[in-house]
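All of the numbers you see were taken from the coordinates with simple rules; none came from a lab. The structure presented is a predicted model; accordingly, all values stated were derived computationally and were not measured. Using ideal geometry, Cβ is built from the backbone for each residue, glycine included, and neighbour counts are taken over all protein chains shown.
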Amino acid sequence: MLLTIKPFQAVQFPPFIKQVQQQQPLVHCMTNDVVQNFTANVLLAIGASPAMVIAEHEVSSFVRVANSLLINLGTVCGNTAKSMLLAAAQAKKTQTPWVLDPAAVGLALPYRTNIAKQLLLLKPTVIRGNASEILVLDEQNSSSKGPDSQDSTESALTTAISLAQKYETIVTITGKTDYITNGKDIYSITGGDIALTKITGTGCSLSAMVAAFIANSMDPLLATASACFMMKKAGELANKQQGLGTYAVSLLDKLSLFNISDK
Amino acid sequence: MLLTIKPFQAVQFPPFIKQVQQQQPLVHCMTNDVVQNFTANVLLAIGASPAMVIAEHEVSSFVRVANSLLINLGTVCGNTAKSMLLAAAQAKKTQTPWVLDPAAVGLALPYRTNIAKQLLLLKPTVIRGNASEILVLDEQNSSSKGPDSQDSTESALTTAISLAQKYETIVTITGKTDYITNGKDIYSITGGDIALTKITGTGCSLSAMVAAFIANSMDPLLATASACFMMKKAGELANKQQGLGTYAVSLLDKLSLFNISDK
Amino acid sequence: MLLTIKPFQAVQFPPFIKQVQQQQPLVHCMTNDVVQNFTANVLLAIGASPAMVIAEHEVSSFVRVANSLLINLGTVCGNTAKSMLLAAAQAKKTQTPWVLDPAAVGLALPYRTNIAKQLLLLKPTVIRGNASEILVLDEQNSSSKGPDSQDSTESALTTAISLAQKYETIVTITGKTDYITNGKDIYSITGGDIALTKITGTGCSLSAMVAAFIANSMDPLLATASACFMMKKAGELANKQQGLGTYAVSLLDKLSLFNISDK
């Protein structure tokens, strides 16, 4: 089977961001300790409504009222792993769209790699990771040394397609070029800026944006691609002349101006 | 009994911020994972001294040296709930002023709603929430879908007054208009900016500011109103032309400039 | 024995920052909830690669792949204390350089003070604290009321030297003047800006920077001094005219521009 790669077109984007802005989806975020604040601000900037709920006693009932769910393994530990498995099981039951961000899975961290594989069986709507993280999920080796590994996204594309088919999910590999595939169609997105890798939380917040875009969406594949496109665009537009502190602030600015200008 | 609503006057503010700046109260913060950094920076900006201490083994002894305590339920879980109940019990015993922020209590989250009600019995000096959170505390229903619910503050004012009387506390409802009441007197504050609701942590850090303002205060009602006034003013002054990233930074700037200009 | 204090010279700095930029050390951070994001961004800004890994199941294996380790007690609790002790024991075994930041140890917080003393026995490469924290480690009293105590660094210098000798470590006291000693040599660094104490996380991220600088270093004493020098310089260069929000952003900018200009 030969699959062709379709470049995502800017013109495909507006209906998806408009839906986020109009519906202001409630995104239940279970994410890592490093990016909680940035993730919440990114979601608010694009017009969504973030809620970080993590207690084992609360996650199942909150998944029921949320429009989508994000699970990110960045700083997973015993307590949060249990909550995440409960939340994902609930999302599967209620067919709540959810995103798995298998942050930093790999050889050095077998504990979280094992949790990621358990979560995979609970039918994530979308998996979003960098190339090495996606490679690890398919039992292939990777030389990943941590969350910002620089395996090229091309190297993981075949794996992404096979994962998408096997788990009936959408797999998104982000990097210099992003690829988004459901195992049949593949979209690619170029652009962005290397500075996006020099501030913490851009990948993690992109996963949260994906969760916002797929909430109530009839077309989760293009919704996911739209989120990736928006992050790359904002990354290009953000001011990097002053240094990385200003760049992070400006990235939020640009995400929020997309919001305003398209309303 | 007919209670009249008194608009808070700018002229009432200076002595309260001056006390914070001169005494630099040590504010023991037990708050949620999303806003820890922002809260600490807000407290430093106004001249207070934040300390985040959460371990079950430490909270009681730290309440004894702190000038005030903040308890915010935003990301409460099993471990932190236990610590919060210990800290509040200690604050009651040592008469340390403390603020309860019942973040996101409501129908979808009965676990934290139950914890909030236990904490209510430990005599918080001030309760600060949005309208739906305050409504929930009085066993009334609310259509809250999360931490940023838009019930109008007017709708919760009667409840606030009755809660204040029942628990001998100060209840603060923040929103388009803020109301602060001890069950006898009611202050209102208008102004602010809708952008305050588009960045994360402004409500949570306001609760922390209230904790700073009531430390050692002879007039906790006006001290609480002063904190609310300061946040609304800073929210008006902050630059929102560049987008929401800049707005959050500028809000901290304005809070810290209040600090400098009034010294 | 009379030890002389040598002022650190700017000319000593370039080789150390160049090594960080070229080797991009993977810094395993176990730090407090308040400064996770800022610490990650500081490490990225100077060219290092941060990874926050905290789960008991993961820390030992991750220490083996990391180039250095940071342990900061700021918000330590039962679970994280256990993980920290495991990680430090592993670092001792694999001779991974590691930094102990005994944040807020003192009379009011005996639990963490006890953990700090257990960690001391696991041979930290560097200890970085303010004067009161260093004093506490040597069983002397201090009037510390929290993490930002203003004991002068001079007052703790004798203690620092004796701790360095006793535990065969490098002790760094930061404040108006920084002192860095291995018990034989002492470097001092002046400069910086009082505004560094008015935003949260500058001390904590300096500890993380030290971890980055000592990774693979043949001269950990001067590597540590170089990290302190860089933070003081960035603190001087950062824009403080607009207020403390802008100052924090500008500090990251300046750290990242060091990076760019020296490459």
Please average, across the residues of C:54-67, the number of beta carbons from any other chain that are within 10 Å of each residue's own beta carbon, and give a whole number. 5
What does the convex hull of the Cα atoms of the range B:64-198 come to per residue, in Å³, rounded to a whole number? 110 Å³
Where nothing but the Cβ of Lys and Arg (+1) and of Asp and Glu (-1) is charged, how large is the charge dipole of the protein assembly as shown around its Cα centre, in debye to the nearest 20? 140 debye
In bins 5 Å wide, starting from 0, what share of all Cα pairs of the range A:5-232 does each bin hold, as a percent? 1, 8, 17, 22, 23, 18, 10, 3, 0
Pick out which of C:Asp138, C:Asp33, C:Asp101 has the largest mean-square fluctuation in a Gaussian network model of chain C, springs linking Cα atoms closer than 10 Å. C:Asp33
Of all C-alpha pairs within the range B:143-236, those more than 23 angstrom apart amount in percent to 20 percent
Taking alpha-carbon centroids only, the range A:71-99 lies from the range B:1-70 a number of Å equal to 34 Å
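Defining a contact as two alpha carbons under 8 Å apart and six or more residues distant in sequence, what relative contact order in percent does chain A show?
22 percent
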Expressed as a whole percent, how much of the Cα-Cα distance distribution for the range B:1-105 exceeds 21 Å? 42 percent
By counting other Cβ atoms within 10 Å of each Cβ, how are C:Ser132, C:Ser217 ranked from fewest to most? C:Ser217, C:Ser132
With -39,500 (n - 2.57) per DSSP H segment of 4 or more residues and division by the full residue count of the protein assembly as shown, the 222 nm estimate, nearest 500 deg cm²/dmol, is -15000 deg cm²/dmol
Rounded to the nearest 0.05, what FRET efficiency do C:Gln9 and A:Glu236 give with R0 = 56 Å and r taken as the Cβ-Cβ distance? Could you check? 0.85
With +1 assigned to the C-beta of every Lys and Arg and -1 to the C-beta of every Asp and Glu, and no other charges, what is the dipole magnitude of the range C:192-253 about the Cα centre in debye, to the nearest 20? 140 debye
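Looking at the protein assembly as shown, what % of the alpha carbon pairs are farther apart than 37 Å?
Tail of P(r) above 37 Å: 38 percent of Cα pairs.
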Please give the peptides A:64-70, C:94-100, A:202-208 ranked by average Cβ packing (other Cβ atoms within 10 Å per residue), highest first, as a rough proxy for protection. A:202-208, A:64-70, C:94-100
Give me the dipole magnitude in Debye, nearest 20, for the range A:5-232 about the Cα centre, with unit charges on the beta carbon: positive for Lys and Arg, negative for Asp and Glu. 300 debye
Given Cβ charges of +1 for Lys and Arg and -1 for Asp and Glu, the option among A:Ala160, B:Ser188, B:Ala225 whose Cα lies farthest towards the positive end of the dipole of the protein assembly as shown is A:Ala160
Mind checking the range A:161-255 for trypsin sites (Lys or Arg not before Pro) that DSSP puts in a loop (not H, G, I, E or B) and that have at most 15 other Cβ atoms within 10 Å? A:Lys176, A:Lys184
